[in-house]
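The values are calculated or read from the model by the stated rules, or taken from the named source; none is laboratory data. Note that the structure is a prediction, hence the values are computed from the model and not measured. Heads up, the Cβs are rebuilt from the backbone with ideal geometry, glycines too, and the neighbour counts pull from every protein chain shown. Side chains are part of the model used for accessible areas, which takes the heavy atoms of the whole protein and leaves out ligands, DNA and RNA. Shrake-Rupley method; radii C 1.70, N 1.55, O 1.52, S 1.80 Å.
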Amino acid sequence: MTRSIDRVTLIVTGSAEKLGLPAALQQLWPDVDFDAQLTDDLTSTEVPADSTAVGGGLVSKFEKFAQRLVDAVTVPRSRREGCAGLAVGIDDLELVNLDRGEVVVARLKAAVDQILQGRTGDRNTVATGCSFHLLVPMLEALFFGDPKALQHAAGSGASASTFPVDADFEAFAVGDDAYLEPSDEVGHGWRRPDRSRHPKRYIRFLREQAEEPPYRETHHGARALRELNWESLVDAPLRGRFVGSLLTDLAFVLGDPVGVQLPLDTSPITWTPQHDPLLRNC
Amino acid sequence: MSLRIFARDFLALTHLQWDVAKGVSLVVGPNGVGKTTALEIPEVMRHVYTHGPTAALEHHVGGAALLRRSDAPEGARCAIGVGVGDVTWQLEPAAAGAGISSSPAEVVRRAEQEIVARAAGDEFAYAGEHRLVARSQSAVRVAVDDDPDAESVLQPMVSALENYRLYRSYTYNLWKLQRSGSTASTNQWLHVNGENLFSVLRNWTLQRATRPHWEFVRDAMRELFPYFDDIDFEQAGQTVTVSVFRKGRPDVKVPVAQEATGFLMALLHLAAVASAPPNGIVAIDEPENSLHPRALQVLLEAIRERASQNGLTVLLATHSTVALDQFNSMPERVFVLESDGQTVQPVALSDLRNTQWLANYALGDLYKHGDFGAPSEG
């Protein structure tokens, strides 16, 4: 069921996404304007299942994120802009929350539900106009599914990385001995215990090995994202299923994407269209 | 009486047209966009009035080559100006050889009618009558000095400029204050470098008419710093310094040199605001420096209350998300300077964004995330 949508607002939590994701998605839907708003991330610390409200006038990260998402389609940000036709919230599902995707989604939905209390008219707008997706475990994982993007992010020598380009980047794990070997040497930001499954740390390592300038999200990350080859991320079964959810969700409204064949494998966490949904995709 | 500040192609500013209302207003925006310059313009105009165009502009700008915005269109002339009531004074600073011209174009309008008009050069007309300007003076100064009629028309604007002070928190001489105190004087007004702080505070305590200034500062300091009780002034020779009494410890005096930098910074900001006469105008650049977020919140509340009681106009240039949060319910008092090169700046946040949308957020959060006043990216 496609609708005529002029503008899609992305609610994102990283500078690279803010700078790069609108252009990246516009490759797939050239007639649609994408813009991005930045807000606080949700998953850099373990997300508890209990959504005990933050008291004392403080607003939780989930409430802030949900407010952005709901407002994007219900309250014009300025007189000139008007509301977006579609809003998509996108956050990383960081390592500490890797097995808690359902919890993250449930917490976000609870916050949306709270905001919509007493706003019957807006419920339908949000249910048809808002969705929430996850990059697993983080944006930089996507670059390991596209050799060219990896070169933009990690430097021109990065194709020699030990992560196979046809593996599922959303289950990122490397066995690069030079990267993983224990060391007391200080001064390497990537040398953390969880590094084997951390794509951004591996990118930092690869750049350091190649004597390239340090990885900058706003420069290297944004460029890699802007020129991302989406097709290569989803060209094999059971690969990039969270990305598959995102593209399937958007295609449901915007029509078939340019250069990507549908249907795609999707994650049940972020593509479970329901009979009476709160959000479009879950 | 409201103040208007104007600039075109001056330093970093493309087109500034700012009507500043009484009360406390914030100006925010990326580094280098011209926030400090905007606050500096009334000070520049005051110095043009008191010291002449060349001395004033060399002091503030540094050199003729820097006057004009670097990417201004070829042939564009820079301009700065102020307005008070129905009188507007505009100046077109210009180079003369390697220096700054002592006789730039000037115009004063009263309700759209030109009352002083000076093309670049020595001559100007007041009310259509030609006069000669001394080379180092502004036409406005000559008109005020030589013509009683001009003086009565221009005096409200001149008074507003004379009463305008811009305090830059990063140029306060804290080290000297802490180590050497202030030189004794009869000053009733905090100098922009803050060096006469202790002398001014002491002078306020000595006279009934000015004692409320001191009481405002002391009471606000007690709220900002719960441990603080009072101050003792001490004079040795020509130097005035202070010691601090803490609550519940009347027997212990702490030399100010041992106080936190933030303590001294708050004292200076409060003294700056207390120095302003009724209906005066004060600007503070980066008031947040050295202050704990809670202290900054209390400071802003105190300044707001003082402004309300005394009819002050207070302009604060800031990057502080804490300061912005204090304006969540007043987006019309937050002015955003951005460098799009086209829009007349600054724009009130209530005009830039839908107030219904803004009401859902803390303004500091939006600023932090680049929703307004963000550096250009890419």
Residues in the stretch B:340-378 occluded by at least 50 Å² - accessible area, probe radius 1.4 Å, against chain by itself: B:Arg353, B:Asn354, B:Trp357, B:Asn360, B:Tyr361, B:His369, B:Glu377
With a 1.4 Å probe and all protein chains left in place, how much accessible area per residue does chain A have, in Å²? 44 Å²
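Could you state the accessible area per residue of the stretch B:3-162 in Å², with a 1.4 Å probe and every protein chain left in place?
Values: 6460 Å² over 160 residues.
That works out to 40 Å² per residue.
Starting from the Cα gyration tensor of chain B, take the square roots of the eigenvalues, sort them a ≥ b ≥ c, and report rounded, prolate or oblate (rounded when a/c is under 1.5, otherwise prolate if a/b is larger than b/c, else oblate).
Values: a/c = 2.00, a/b = 1.36, b/c = 1.47.
Oblate, because a/c is 1.5 or more while a/b does not exceed b/c.
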Phi-derived 3J(HN,Hα) across the stretch B:14-31 with the Karplus relation (6.51, -1.76, 1.60, θ = phi - 60°), rounded Hz, x for Gly and Pro, is 8, 8, 9, 9, 10, 9, 9, 8, 4, x, 9, 10, 9, 10, 10, x, x, 4
Identify the GluC sites (Glu not before Pro) of the stretch B:26-80 meeting these criteria: DSSP loop state and at most 10 other C-beta atoms within 10 Å of the C-beta. B:Glu74
Mind grabbing the interface size between A and B? I mean buried accessible area, both sides, 1.4 Å probe, in Å² to the nearest hundred. 1500 Å²
Determine the per residue accessible area of the stretch B:165-326 with all protein chains present and a 1.4 angstrom probe, expressed in square angstrom. 41 Å²
Please give the peptides B:172-184, B:196-208 ranked by average Cβ packing (other Cβ atoms within 10 Å per residue), highest first, as a rough proxy for protection. B:196-208, B:172-184
Taking every Cα atom in the stretch B:235-368, find the radius of gyration and the maximum pairwise distance Dmax, and write them in Å. 18.4, 62
Largest first, please: the extent of the C-alpha atoms of chain A along each principal axis, to the nearest Å. 57, 46, 36
Peptide A:62-71: average number of partner chain Cβ atoms within 10 Å per residue? 2
At A:Asp6 and A:Asp31, where each label point lies 7 Å from the Cα along Cα→Cβ, what is the point-to-point distance in nanometres? 1.5 nm
Roughly speaking, what is the centre-to-centre gap between the stretch B:343-378 and the stretch B:208-268 when only Cα atoms are used, to the nearest Å? 38 Å
Each label point is 7 Å from the Cα along the Cα-to-Cβ direction; what then is the distance between the points at B:Ser2 and B:Lys368, in nm? 3.3 nm
Amide H to amide H under 5 Å from B:Ala95: which residues, 5+ apart in sequence or cross-chain, H placed 1.01 Å off N in plane? B:Ser101
Calculated over the stretch A:29-137: convex hull of Cα atoms, volume per residue (Å³): 124 Å³
Gyration tensor (alpha-carbon) shape descriptor, the stretch B:1-115, a/c threshold 1.5: oblate
Just to confirm the filter: which GluC sites (Glu not before Pro) across the stretch A:157-254 are DSSP coil and have at most 13 other Cβ within 10 angstrom of their Cβ? A:Glu185, A:Glu211
What is the angle, in °, between the Cα long axis of helix A:61-74 and the longest principal axis of the Cα atoms in chain A? Nearest 10 is fine, range 0 to 90. 50 degrees
Among rounded, prolate and oblate, which fits the stretch B:181-315 when a ≥ b ≥ c are the square roots of the eigenvalues of its C-alpha gyration tensor, a/c under 1.5 means rounded, and a/b larger than b/c means prolate? oblate
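Grab the beta carbon distance between B:Asp251 and B:Asn360, set R0 = 51 Å, and tell me the FRET efficiency rounded to 0.05. Intermediate values should be presented prior to the final figure.
Working: r = 52 Å, r/R0 = 1.02.
According to the calculation, E is roughly 0.45.
Could you state, as a whole-number percent, how many of the C-alpha pairs of the protein assembly as shown are farther apart than 48 Å? Each step should come with its number before you reach the end.
Numbers: 69220 of 217470 pairs.
Cα-Cα pairs in the protein assembly as shown separated by more than 48 Å: 32 percent.
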Spelling it out for B:Thr239: with amide H atoms placed in the peptide plane at 1.01 Å from N, the residues 5 or more places away or on another chain with amide H under 5 Å from its amide H are B:Ala184
In nm, the gap between the two label points placed 7 Å beyond Cα toward Cβ at A:Glu181 and B:Gln207 is 7.8 nm
If you line up the long axis of helix B:261-275 against the longest principal axis of chain B, both from Cα atoms, how many degrees apart are they, to the nearest 10? 60 degrees
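For the pair B:Ala236 and A:Glu211, what calculated FRET efficiency results from E = 1/(1 + (r/R0)^6), where r is the Cβ-Cβ distance and R0 = 51 Å, to the nearest 0.05? It would help to have the intermediate numbers written out before the result.
Working: r = 61 Å, r/R0 = 1.20.
Given R0 = 51 Å and the Cβ-Cβ separation, E is 0.25.
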Set the Förster radius R0 to 25 Å, insert the Cβ-Cβ distance between B:His130 and B:Arg77 as r into 1/(1 + (r/R0)^6), and round the FRET efficiency to 0.05. 0.60
